[in-house]
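A.B. asks: Pasting a structure here, questions to come.
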Amino acid sequence: MPQIADLFGVANSDVEMLRRAGVSEEDIAHCLKVAHKAVEIARRTGRTLDMDLICRGALFHDLGKAKTHAIEHGRIGAALGREMGLPEPVTDIMEKHIRGGLSETEAAELGLPIKDYRLKSLEERIIIYADRLVDIITDGVVENESQAEERFAAILAANIRYGKNELTLQRYLNCHKEIQGFMAESS
């Protein structure tokens, strides 16, 4: 796995941090795929972006799964990340990636600390989009990666596992539309 990490800029030391924290190899493989997809998407947007933040934010987004796979894994991961000395923009991504960035009302309804988890930067939205695409690809919903982007809206609308609820679905669809728009402009 470290060889895969080297191919797209993930530091092997970061992968080892995930292992030392107790993240399973399956979850690490997912995080590596999300980092790879996020970097690929970021490059295709043609925008000037913080590629280190995209790579590390994507790689560490599921750190909290070392402790739980429940909805609070984002909050728990952010706390672990702070203890490990990860930069605040990375821990922010970890905390906010749940359901594409929750409002205070949604957080309260889900039993999370009441705060604004909405995504503010394009880097954050790219990571969330990549995470959802990787889930669709990994689950075998599509035959190839390009189909995941082409059929994104229909897949999320048809499968609650990906869209969750109407508010979450709309956030994901807005990210898809925005990012695909940037890609179309840059091609």
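A.B. asks: Within region 28-40, is there a residue that is hydrophobic (A, V, I, L, M, F, W, C), more than 19 Å from ARG118 (Cα to Cα) and surrounded by fewer than 17 Cβ atoms within 10 Å (Cβ to Cβ)?
C.D. replies: Within region 28-40, one or more residues are hydrophobic (A, V, I, L, M, F, W, C), more than 19 Å from ARG118 (Cα to Cα) and surrounded by fewer than 17 Cβ atoms within 10 Å (Cβ to Cβ).
A.B. asks: Of everything in region 84-105, what is among the aliphatic types (A, V, I, L, M), assigned to a helix (DSSP H, G or I) and modelled with pLDDT of 95 or more? Give them in sequence order.
C.D. replies: If the condition is that a residue be among the aliphatic types (A, V, I, L, M), assigned to a helix (DSSP H, G or I) and modelled with pLDDT of 95 or more, then VAL90, ILE93, MET94 are the ones that fit.
A.B. asks: Looking at (1) of a type in the set (Ser, Thr, Tyr); (2) without any contact (Cβ under 8 Å) to a residue 12 or more places away in the chain; (3) surrounded by 13 or more Cβ atoms within 10 Å (Cβ to Cβ), can you tell me which one THR105 breaks?
C.D. replies: If we test THR105 against (1) of a type in the set (Ser, Thr, Tyr); (2) without any contact (Cβ under 8 Å) to a residue 12 or more places away in the chain; (3) surrounded by 13 or more Cβ atoms within 10 Å (Cβ to Cβ), just (3) comes out false.
A.B. asks: Can ARG44 be described as surrounded by 15 or more Cβ atoms within 10 Å (Cβ to Cβ), of a type in the set (Lys, Arg) and either in a loop (DSSP other than H, G, I, E, B) or on the phi < 0 side of the Ramachandran plot (or both)?
C.D. replies: So ARG44 passes the test.
A.B. asks: Restricting to region 57-66, and then to whatever is without any contact (Cβ under 8 Å) to a residue 60 or more places away in the chain and crowded, with 24+ Cβ neighbours inside 10 Å, can you tell me which residue is nearest to LEU133 (Cα to Cα)?
C.D. replies: Here the answer is LEU59.
A.B. asks: Could you count how many residues in region 41-56 are without any contact (Cβ under 8 Å) to a residue 12 or more places away in the chain and either touching a Leu at 6+ places or on another chain (Cβ under 7 Å) or closer than 26 Å to GLY140 by Cβ (or both)?
C.D. replies: The qualifying residues number 1.
A.B. asks: Consider TYR162 against the criteria (1) part of a helix (DSSP H, G or I); (2) over 16 Å from the mean Cα position of the chain (by Cα): it satisfies all of them except one. Which criterion is unmet?
C.D. replies: Of (1) part of a helix (DSSP H, G or I); (2) over 16 Å from the mean Cα position of the chain (by Cα), only one is false for TYR162: (2).
Okay, residues lined up against (1) more than 15 Å from LYS37 (Cα to Cα); (2) part of a helix (DSSP H, G or I); (3) modelled with pLDDT under 95:
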site: GLU124; (1), (2), (3): no, yes, no
site: ILE127; (1), (2), (3): no, yes, no
site: LEU133; (1), (2), (3): no, yes, no
site: GLU143; (1), (2), (3): yes, no, yes
site: ALA148; (1), (2), (3): no, yes, no
site: LEU167; (1), (2), (3): yes, yes, yes
site: ILE179; (1), (2), (3): no, yes, no
site: MET183; (1), (2), (3): no, yes, no
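A.B. asks: Also, quick follow-up: Take region 115-127 and flag every residue that is in contact with a Lys or Arg (Cβ under 8 Å, 6 or more places away or on another chain) and of a type outside the set (Phe, Trp, Tyr).
C.D. replies: Of everything in region 115-127, those that are in contact with a Lys or Arg (Cβ under 8 Å, 6 or more places away or on another chain) and of a type outside the set (Phe, Trp, Tyr) turn out to be ARG118, LEU119, LEU122, GLU124.
A.B. asks: Looking at the structure I just gave you, is LEU59 in contact with a Leu (Cβ under 9 Å, 6 or more places away or on another chain) and not small (Gly, Ala, Ser)?
C.D. replies: yes
A.B. asks: Check ALA78 against each of (1) free of Cβ contacts under 8 Å to residues at least 24 places away in the same chain; (2) closer than 20 Å to ILE136 by Cα; (3) aliphatic (A, V, I, L, M); (4) assigned to a helix (DSSP H, G or I) and name the one condition it does not meet.
C.D. replies: Answer for ALA78: the failing condition is (2).
A.B. asks: On to the next question. In region 166-185, how many residues are touching a residue at least 60 places away in the same chain (Cβ under 8 Å) and either of a type outside the set (Phe, Trp, Tyr) or touching a Gly at 6+ places or on another chain (Cβ under 6 Å) (or both)?
C.D. replies: 8
The values are calculated or read from the model by the stated rules, or taken from the named source; none is laboratory data. This structure is a prediction, so every number in the text was calculated from the model and none was measured. Cβ sites come from the backbone with ideal geometry, for glycine too, and all protein chains shown count toward neighbours.
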